[in-house]
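J.: Before I ask anything, let me first share the structure, which is written out below as structure tokens.
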Amino acid sequence: MPRATAIGLMSGTSYDGVDVALIETDGQDIGRLGPTGYRPYADQERDVLRRAIAVGAHLTRRDDRPKVLAEAEELVTDMHAEAVEAFLAANGMPPSAVTVVGFHGQTVLHRPERGLTVQLGNGPALAARLGIPVVYDFRAADVAAGGQGAPIVPVFHRAMVRLLKRPHPVAVLNLGGVANVTFVDGAADLIAFDTGPANALIDDFVRTRTGQPQDDKGRAAAAGKVDEAAVARVLAHPFFAKPPPKSLDRNAFRHWVTEEGGLTAKSIEDGAATLTAISAAAVGRAAAILPHPPASWIVAGGGTRNPTLMRMLAERLAPASVETAGAVGWSADALEAQAFAYLAVRSLKGLPLTFPTTTGVPRPLTGGVQAR
Ligand SMILES: Nc1ncnc2c1ncn2[C@@H]1O[C@H](COP(=O)(O)OP(=O)(O)O)[C@@H](O)[C@H]1O
Ligand SMILES: [Mg+2]
């Protein structure tokens, strides 16, 4: 099968910016991992996305675009176009050198139990502006077929783990707004699911209290005291004991924290420490429902920049080794963007993106919509 040169674009539930990555792949094996890029969102742009997520929570049909969402969708498309244009310019590449762009879009609602998953992003408009074929709307077919629509990157994680040649089982953990794990065991099926919150609750709490977008380097959490009773209350939620498949909306756990966790009266430090411990403990619970304990965990996503979260994770997962993606030669920041480049090529070839053991879809299923 000839190799395609693909660009992947990811704007995750943290809506911090667009990650860009180029890979070469035939849709099965990964050839070259190319350059990566990032187009951060400005504060006003994040405000637009925050309002879109608030309005998106009330959608009952996935194609509805009330004014706020229509405007946000145009902005999302423009910001992704800028991200690709800057990336091509920085790497001296003409658009004609790229086979396909995988455009995830910005999730504003993820309620698979209601048959709804909504990613803002106009694929045809992006394809027209760039002059490159675009694959978008990756999750819709899976949810329409009864799957969770998430996590959708595990087939890529498995291809990456194959390149490492290390003892199985290996767990790949992505710490975005939400955390998801992929369990790769040479023998068994691919197993994947969302473990719980990663950064979303920490970001929301810190922003509300201080106006800062995140607990930079986990400093506040490092200075605080974990309220173990609050951690136990949140972890008692049935989501954590539920066997996979399972996935989460970034805001699904907001009320667990305010109402059940009783975090509203905490100092910034104690609140951040407790929320960080909740994210780490949720991964610990995920480890317990995997078929075998992973020998090693490879961790990617913005959460790897939070040493307090990484320390708490290592404590919860001991004696397994916990390494960052960077430590094994991967890109912690661009792993998901690389995944959408890979998934776009798989989509062009009609290969499955999701599986009964990753999203619960009844049979392996391809996905994505093509715009030329
Ligand atoms: N220096 C840092 N200190 C603490 N947290 C960070 C830092 N850099 C990034 N993060 C966290 O990572 C998040 C972005 O991670 P990312 O993997 O892009 O998530 P998503 O896929 O949801 O967009 C930020 O919102 C923030 O919570
Ligand atoms: Mg991000």
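J.: Considering only segment 97-184, give the strands (runs of 3 or more DSSP E) lying wholly within it that have at least 1 residues that are at positive phi and small (Gly, Ala, Ser). Step through it out loud before you land on a result.
T.: Values: elements: 100-111, 116-120, 134-136, 170-175, 178-184.
Here the list reads 100-111.
J.: Please state which one of Ile289, Ile298 is out of contact with any helix residue (DSSP H, G or I) (no Cβ under 7 Å at 6 or more places or on another chain) and among the β-branched types (Val, Ile, Thr). First the steps, then the outcome.
T.: Numbers: Ile298 fails: out of contact with any helix residue (DSSP H, G or I) (no Cβ under 7 Å at 6 or more places or on another chain).
On inspection, the qualifying residue turns out to be Ile289.
J.: To continue, here is another question. Quick check, is Ala223 at pLDDT below 95, farther than 26 Å from Glu336 by Cα, away from ligand 2 (no atom under 16 Å from the Cβ) and hydrophobic (A, V, I, L, M, F, W, C)? Walk me through how you get there before you give the answer.
T.: Details: at pLDDT below 95: no; farther than 26 Å from Glu336 by Cα: yes; away from ligand 2 (no atom under 16 Å from the Cβ): yes; hydrophobic (A, V, I, L, M, F, W, C): yes.
The answer is no for Ala223.
J.: Report the residue count in segment 207-238 for those that are surrounded by fewer than 22 Cβ atoms within 10 Å (Cβ to Cβ) and within 9 Å of ligand 1 (Cβ to nearest atom).
T.: Here the count works out to 5.
J.: Provide a single number: the residues in segment 316-343 that are within 16 Å of ligand 2 (Cβ to nearest atom) and either of a type in the set (A, V, I, L, M) or closer than 19 Å to Val134 by Cβ (or both).
T.: Residues that pass the stated criteria total 10.
J.: Moving on to the next point. Which of the following residues is more than 18 Å from the chain's Cα centre (by Cα), surrounded by fewer than 24 Cβ atoms within 10 Å (Cβ to Cβ) and modelled with pLDDT under 95: Arg166, Arg129?
T.: Details: Arg129 fails: modelled with pLDDT under 95.
The unique qualifying residue is Arg166.
J.: Taking Gly350 as the residue in question, decide whether it is in a loop (DSSP other than H, G, I, E, B) and touching a helix residue (DSSP H, G or I) at 6+ places or on another chain (Cβ under 7 Å).
T.: Details: in a loop (DSSP other than H, G, I, E, B): yes; touching a helix residue (DSSP H, G or I) at 6+ places or on another chain (Cβ under 7 Å): no.
The answer is no for Gly350.
J.: Taking only pairs six or more apart or across chains, which ones have beta-carbon atoms under 7 Å, a first residue in segment 341-369 that is over 23 Å from Pro243 (Cα atoms) and touching a residue at least 24 places away in the same chain (Cβ under 8 Å), and a second residue that is acidic (Asp, Glu) and buried (at least 18 other Cβ atoms within 10 Å of the Cβ)?
T.: Gly367/Asp142; Gly368/Asp137; Val369/Asp137
J.: Also: Here are Ala273, Ala280: which of them is farther than 16 Å from Val172 by Cα, within 15 Å of ligand 1 (Cβ to nearest atom), in contact (Cβ under 8 Å) with a residue 24 or more places away in the chain and surrounded by 18 or more Cβ atoms within 10 Å (Cβ to Cβ)?
T.: Values: Ala280 fails: farther than 16 Å from Val172 by Cα.
Only one candidate passes the filter, namely Ala273.
J.: Let me ask you something else. Among the residues of segment 187-203, how many are away from ligand 2 (no atom under 15 Å from the Cβ) and either within 16 Å of the chain's Cα centre (by Cα) or within 21 Å of Pro112 (Cβ to Cβ) (or both)?
T.: Here is the first cut: in segment 187-203, the ones away from ligand 2 (no atom under 15 Å from the Cβ) are 187-196, 201.
Within this subset, residues satisfying the condition of being either within 16 Å of the chain's Cα centre (by Cα) or within 21 Å of Pro112 (Cβ to Cβ) (or both) are 189-196, 201.
Residues flagged as away from ligand 2 (no atom under 15 Å from the Cβ) and either within 16 Å of the chain's Cα centre (by Cα) or within 21 Å of Pro112 (Cβ to Cβ) (or both) within segment 187-203 amount to 9.
J.: Within the group Asp64, Asp19, Asp43, which residue is within 27 Å of Ser247 (Cα to Cα) and within 16 Å of ligand 2 (Cβ to nearest atom)? Break it down into steps so the answer makes sense when it comes.
T.: Details: Asp64 fails: within 16 Å of ligand 2 (Cβ to nearest atom); Asp43 fails: within 27 Å of Ser247 (Cα to Cα).
Result: Asp19 is the single residue among Asp64, Asp19, Asp43 that is within 27 Å of Ser247 (Cα to Cα) and within 16 Å of ligand 2 (Cβ to nearest atom).
The values are calculated or read from the model by the stated rules, or taken from the named source; none is laboratory data. Please read all numbers here as calculations on a predicted model, not as lab measurements. Please note: Cβ atoms are built from the backbone with ideal geometry, for glycine as well, and neighbour counts cover all protein chains shown.
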